[in-house]
1. How many of the residues in the range 582-600 are modelled with pLDDT of 75 or more and touching a Lys or Arg at 6+ places or on another chain (Cβ under 8 Å)?
2. I want to confirm something. Restricting to the range 493-527 and keeping residues that are open to solvent by less than 60 Å² (accessible area, probe 1.4 Å) and of a type in the set (Asp, Glu), which single residue is farthest from residue 469 (Cα to Cα)?
3. Among the numbered conditions (1) within 23 Å of residue 442 (Cβ to Cβ); (2) assigned to a helix (DSSP H, G or I), tell me where residue 521 comes up short.
4. Of all residues in the range 199-225, which are closer than 25 Å to residue 239 by Cβ, assigned to a helix (DSSP H, G or I) and either open to solvent by 20 Å² or more (accessible area, probe 1.4 Å) or among the hydroxyl-bearing types (Ser, Thr, Tyr) (or both)?
5. Regarding residue 678, is this residue modelled with pLDDT of 95 or more and either assigned to a strand (DSSP E or B) or aromatic (Phe, Trp, Tyr) (or both)?
6. Out of the residues in the range 665-703 meeting the condition of being within 26 Å of residue 605 (Cα to Cα) and β-branched (Val, Ile, Thr), tell me which one is surrounded by the fewest Cβ atoms within 10 Å (Cβ to Cβ).
7. From the list 727, 734, 767, 706, which one is open to solvent by less than 40 Å² (accessible area, probe 1.4 Å) and in contact with a Pro (Cβ under 8 Å, 6 or more places away or on another chain)?
8. Name the one entry in 605, 611 that is under 18 Å from residue 575 (Cα atoms), open to solvent by less than 40 Å² (accessible area, probe 1.4 Å), small (Gly, Ala, Ser) and not in a helix (DSSP H, G or I).
Amino acid sequence: MPDRPGEPIDPGTGTSTAPPEPGDAVGRLATTVARLRRQVEEAHAAAGGRALVEMAKGVLVERLHCGPYAASRQLEALAESAGVSLLELAADIVNQAAQDELSAITEELLTVPGSRRPVPDVTHMRTAESGILAAQDTQAVAESLLRYALAPLGATAVAVWAAAPDGSLRLAGSAGFPEAEAVRWHYVPPSVATLARRALSERRILWTRTLAETRLPSIGGRSSQEAGRVVVPAGTGGRLLGALEISWPGPLAPQTPQIQRQVEALAELCGHTLDSHRPERPAAGLSPLVELVDGLWDPAMILRPEFDADGAVRDFRIHYLNSHVADLAGRPRSALSGSLLLETHPMTAQSGGIFEKLEHVHATGEPFRAERMAITTLVDQVPLTTCSRISITRHGEDVVLTWRADDDTTRLADLLQHAQRLGRIGGFEENLQTGEIIWNSQLFELCGLLPTDPPVPVSQLAQHAHPDDATTLGRFLRTLLHHRRPASTAFRMQRPDGTARYIRVVAEPVLDAHEDLLAVHGAYQDVSSQHWTEVALAATRDQLAHSEKQAAEQNRLTLQLQHAIMPPTTGPIHTLGLHVAVRYRPAEKDHMVGGDWYDIVTLPSKQVMLSIGDIAGHGIEAATSMVVLRNALRGLAATGAGPGPLLGWLNTVAHFLTDNVTATAVCALYDPETRILRWARAGHLPPVLVRRGRAQALPMVKGILLGAVGEARYEEGEVQLEPDDTLLIYTDGLIEQRHRSVQSSLDQLLVAAQRTTTTLDDRLDYLLTHSSADTDDDTCVIGVQLAPTPAS
């Protein structure tokens, strides 16, 4: 509508033609720009429609054998009689005439039951195709795709990517994306992982609900993170030349198979466009490539793909071989040239073999290199496997395969390189006449230098070392350069990054016939890990020596304490008609010093108390606990109580007044007037009575070990001793064996105790000597013999 009444109106555009008033220049400029944009869009639409109509006219010219004018009149008449537009009729005629994949897709769109797709979709597809074929560049292709084929599907933007042999991507054309985004994404380096790069690498179509879910960048910016995307690899003749990327305004719902086929068909059209609009077309002949292959020092061949009916690569034909190719089967080069690869080398079809790599390189353009790859060749029907370095590159339509077999020299060089890497060794050679210094790559890494940095001369090592190592390096250089003898030393190298490494350098001089110094060669080795290991071992050895010294001192004090209280051998004791002898044998190992104790004391009541015990554990804790319980029992015995109550009180001491001490014990009281021995036990082995040459253990009485519970009652037993009776009270170190029961060991003791001896001391010595115990524990034995009745 005009802004002022009475303004003249342009009937073609609907805009005012009146002269602008002052201040209306900006508004008129905007109106003009909008009008020109509409005209351009209409021109594009008309061009696409005209191309489709012209294709339909061509079909009619061929089928009706008439001229272009007659075909045009016939087309108009058919459209009028059918009641459809000229463009729709043209699309239908082209579909019926072409009968290609695009026709099949549009037919599916028309025949799907309940399909809501309007019939003009067929027109849009053919219009898009005609627009693509008539386009002068890939940018026009992208615009035609979006306008005629993708916008009806709800898409809002499209990008056409061209793949380069080095793995990079170039934005060949785009529509619907902001201009700034197109500029920013005009080139994608090979190292950048994008959605299009993934589709090309995996050689499959990627349908993604949203771009954010892929976690991969792509054209569109942050505002398109919630946009649905689909990327379809595009190519022709089995080669992937790029990718078609389509964007929707929101999350992409699952699409019907018909829409998926339509998108694939559009990608195929893009592949033909990328092939025809490549900026660098390969030369018609192979002369430049042949010259390249002939100039190589390694064997090489040029392979040209052979396709099957579906357009997939079924084999590669050997088009050219350079002079370095030598067939293992003895076939001449002329017999190989022109033949198929799988016919001459069938073993290359193995899984993961050369043929798979050739297919991938031909399809993606990404070069393949392997430092060591097994190649199997049939020689007289016998498979022969060799290892080679492989390189595969694509050049236009062809693929170049080069290889280098690993001979002994190459393998030895690789072994040396790996050995130097694993041993962190770097070699060098310095010409003292010319100043030339040669370092291998490992040495630059050891010293923290770049391969482009100048090597460090041997005479300047002190400038790169810790100041405290200057004297050491001075002696090394004097021996090497002045005395001209091989030398070695270790020093701390200060690296440029501020770290220090312990380096060992070994060098020897190179002399001429007149004993003049010509050069120096040698090696550096990083011994930092060994150095710090030695430091740690030295510290551990010092700590271990200190611990051993402390343990030895503690054991010495424990033994002194034990011997001071209980000497190993106690002389005969004669008291109140009893003859008493004691034997105490400490453990063989000092750290196994235990808590065995014994005590023999005459009480104020004229009774004799005999006690023996064994503290659980070893060492100074067991020895000190033994002293506590022994002295506590001696003090409690002064009360005149019997052995049962005494052990009950001693249990209270062990449970409440010590630090978790447990022990076994036997306490006995002998009355010389009645010659009755009352005794009680706390988890200890029973005493053994030897009477008239027969030994037997006293009947067991009940009693739990000391310290286990807070309160305990101990049962007493008694025995009437007779003249010449011998009573043996002992600890478990006398009989305990690792692999035998206690009863079996006790039976062995009874047999040994029955042996006839001259004196009580002899009996105890015999028992210790012939003890079958194998636990290396303390052993304590008390022997009590009642004096014989005097002869009347």
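1. Step one: list which residues in the range 582-600 are modelled with pLDDT of 75 or more, which gives 582-586, 595-600.
With the extra rule that they be touching a Lys or Arg at 6+ places or on another chain (Cβ under 8 Å), the set shrinks to 597, 599.
Matching residues across the range 582-600 total 2.
2. 512
3. (2)
4. 201, 202
5. Working: modelled with pLDDT of 95 or more: yes; either assigned to a strand (DSSP E or B) or aromatic (Phe, Trp, Tyr) (or both): yes.
So residue 678 passes the test.
6. The extreme case among them is 674.
7. Working: 734 fails: in contact with a Pro (Cβ under 8 Å, 6 or more places away or on another chain); 767 fails: in contact with a Pro (Cβ under 8 Å, 6 or more places away or on another chain); 706 fails: in contact with a Pro (Cβ under 8 Å, 6 or more places away or on another chain).
So the residue among 727, 734, 767, 706 that is open to solvent by less than 40 Å² (accessible area, probe 1.4 Å) and in contact with a Pro (Cβ under 8 Å, 6 or more places away or on another chain) is 727.
8. On the way: 605 fails: open to solvent by less than 40 Å² (accessible area, probe 1.4 Å).
Among 605, 611, only 611 is under 18 Å from residue 575 (Cα atoms), open to solvent by less than 40 Å² (accessible area, probe 1.4 Å), small (Gly, Ala, Ser) and not in a helix (DSSP H, G or I).
The values are calculated or read from the model by the stated rules, or taken from the named source; none is laboratory data. These numbers were taken from a predicted model, which means no experiment stands behind them. We place every Cβ from the backbone using ideal geometry, glycine too, and count neighbours over all the protein chains shown. Calculation scope for accessible area: heavy atoms of the full protein, side chains included, ligands and nucleic acids excluded. Shrake-Rupley method; radii C 1.70, N 1.55, O 1.52, S 1.80 Å.
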